[in-house]
Structures are given as structure tokens and as C-alpha cells.
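Data block below; observations after.
The values are calculated or read from the model by the stated rules, or taken from the named source; none is laboratory data. Quick caveat, the model's predicted, so the values are computed rather than measured. Note that we place each Cβ from the backbone using ideal geometry, even for glycine, and neighbour counts take in every protein chain shown.
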Amino acid sequence: MQIIVEMAEVRGETFSNRFKECLPLITQIIQPVTLSEYAERTIVTILDSLSAMLRKCPKAAKEAAIDGLFNHMLQGLECFVKCLDSPRIQLACARLFGQLFTTLEMEFFHSLTDPSVKQLTEWMCWQLKNRLLEEDLAEQVAKNVAILSTVFVMDEELIWLCKKLCSICKFEVVQQPSESLKRVTIFKLAAALAVRADATRLMIVVDAFLPYLHREMMGKSPQNTVELQQISLEVAEIFKEKLGDEIYARKLTQCQKLAAEKIEQRKRRKKEEAVVDPMNAALKKQKKNKAKAAARKRKLDTDKPYRASIRKKRRQAQQ
């Protein structure tokens, strides 16, 4: 693969005919069985080499796409996108998709049915929801989703995308409250969607993301509060500029009312549970108090590192 890439770099577009000959051979490699037969380093090299070939031979790549030479390869890439065992393979695959989206016309992807643009977006969102998400992958996935979103011309498609992204924000709030990368990335993506949206589509974006932005603007996250507040305020300012002061103020008031209603509902449920199932309510309260105590202990250990060493010495002395 590296030799082929070097040939493409030296010969440029004169390598076009060879590119079409090589593509079916590469497609045979990009299959699920490759993950078990090849080493991680080899797979990453293959994906990166294909990205380089696309970059060096854009005209040949477009011709190959018209001839349908990419269709089977795209189907095989799903397992590489979702390779849980290797963040490096996930990143290389995300970069390959980024190069594909840049090199080929988006009309080509719009015409695809297997995988469809919606499926490709779901693959990208799967990567974004990954518990082990890293900054470089998040950045590349955000770029990919931003490009794919240009194909969503129907309002229903944009609503679907916004709901998908908001569900990832909710996942991080509930499952990974100490992390912020997913929300920061999605808020930036929301800003990009808002900037290029017309009046109708802007309302879709604002209605979907403003409740999550409002939460972070109010500093509700236990960690990374400053970072989340800053990015949420910046995105909210973009919404405000696009909507106008009056409409934005009305939308923000709706978010505040909704947040207050949720708090009241939560309090009501706790009171009802204390009456209906006092044992379970007591256990939940006990668990919450233990978590608070552990959090305070961690904070003190961070501020005063010597505390941990003192505890360790005491335990050793007791043994």
C-alpha cells in the first residue's frame, strides 16, 4: 500500500488508471475478517494509505465512484468505524470518511442506499458516543457529521439528526458526568448547524439544543463547569444573533420553565416514593450521601495529596 501511495504522489493524476485497478483489491481487504487477520498497525496503514490516494487522485476517485467501485468498500467499513478494541483504527477510519466526503461529490452519497447517508451519520454518532472518545476523534467526527448534515434537506431529517446528537449529550450527563468532550463537541456542531440554517431550520436547531445549553449556562455539571459554561454561552450568543433578542429571550424563558418543572417533578417523585416505598427511598438517600462523601474525599485528596499517603501508612501500621 505504501508503494502504491508513493507512486500516486510521484505520478499524480497520471496514476488514475492504476487507481481504478487497485481499488477492487483494496476493497477485498476492507472486510470484517481483516480485523482478526491483520495487526492494528497494518490496518491503520491501509486506511491512511487509501486516504492519501484519494487526496492525490481526486479525479480518478470521482470516476471510480461513478462506476460504483466504492459501494462495496463503504459497506465493509462499518466494522472498522465500530472497532471497540482500537481507537487508532476508529480514528483512521473517521479520517478516511472525511477524505471521502471531501473528495467525492455529496450527490454520490445522497444517491447511496447501502449504506445510506442516515446510516453513515449513525456510524459517526456511534463513534461520538464511545465511552473512550478522545479529542482528535471527536474533532474528526464532528467535521464528518457537519458535512453529512448538508445532505439533509428535509426538516424531518434535521430533526432526526438533532435528536441523535442531543441523546449523546444526555448520555454523557447521565453516564459520564465527569466528562465534557461529547457535549463540547456537540455544542460546537450545533453552532455550525445554526450558522448555515434558514429561519425554519434554525428553530429546529435552537429548540433541540437550547435546553442542554441552558443547563450548562446555569453551571449544573459537577465537573468541567467553567469549560462547559464558556462554550454554551458562546453558542447561545450565536443563537441570539440569528434569532434576535426578543425571540431568543422567549426561547430561553421556556427553557427555564421546563427546567423548573423537571425539578418539581423530581421532588414530587421523591416525596411519593418516601410514602409508598420508604425502604427503597432510604437506601437511595444513603447511597447518595455516600457518593457525596466520596466526592468530598477525592477533592480533599486532590487539594492535599499528603492525605492519601498518611492513610496508606495507617493501613500498613494496622496490618
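Identification of helices (runs of 4 or more DSSP H) wholly contained in segment 53-106 with 3 or more residues that are aliphatic (A, V, I, L, M) yields 58-66, 87-103. Would you check if ALA236 is assigned to a helix (DSSP H, G or I), surrounded by 13 or more Cβ atoms within 10 Å (Cβ to Cβ), in the same structural domain as GLN176 (by TED's automatic domain parsing) and in contact with a helix residue (DSSP H, G or I) (Cβ under 7 Å, 6 or more places away or on another chain)? Answer is yes for this residue.
Against the criterion of being polar (S, T, N, Q), outside any helix (DSSP H, G or I) and in contact with a helix residue (DSSP H, G or I) (Cβ under 6 Å, 6 or more places away or on another chain), SER221 qualifies. With respect to the conditions (1) crowded, with 18+ Cβ neighbours inside 10 Å; (2) at pLDDT below 95, ASP207 falls short on a single one, namely (1).
Could you please give the count of residues in segment 134-183 that are more than 21 Å from LEU120 (Cβ to Cβ), of a type in the set (Ser, Thr, Tyr) and exposed (fewer than 14 other Cβ atoms within 10 Å of the Cβ)? Residues that pass the stated criteria total 1. Among the residues of segment 259-270, is any in a helix (DSSP H, G or I), under 26 Å from the mean Cα position of the chain (by Cα) and surrounded by 16 or more Cβ atoms within 10 Å (Cβ to Cβ)? Looking through segment 259-270, none of the residues is in a helix (DSSP H, G or I), under 26 Å from the mean Cα position of the chain (by Cα) and surrounded by 16 or more Cβ atoms within 10 Å (Cβ to Cβ). Just one of the listed residues (ALA260, ALA293, ALA317, ALA282) is aliphatic (A, V, I, L, M) and closer than 21 Å to SER178 by Cα, namely ALA293. Within segment 173-197, the set of residues being within 15 Å of ILE238 (Cβ to Cβ) and part of a loop (DSSP other than H, G, I, E, B) comprises ARG196, ALA197.
Looking across GLY76, GLY68, one residue alone is out of contact with any Asp or Glu (no Cβ under 9 Å at 6 or more places or on another chain), of a type in the set (Gly, Ala, Ser) and surrounded by 15 or more Cβ atoms within 10 Å (Cβ to Cβ). It is GLY76. Within the set ARG250, ARG215, ARG298, ARG266, the sole residue that is over 30 Å from ILE204 (Cβ atoms) and out of contact with any Pro (no Cβ under 8 Å at 6 or more places or on another chain) turns out to be ARG298.
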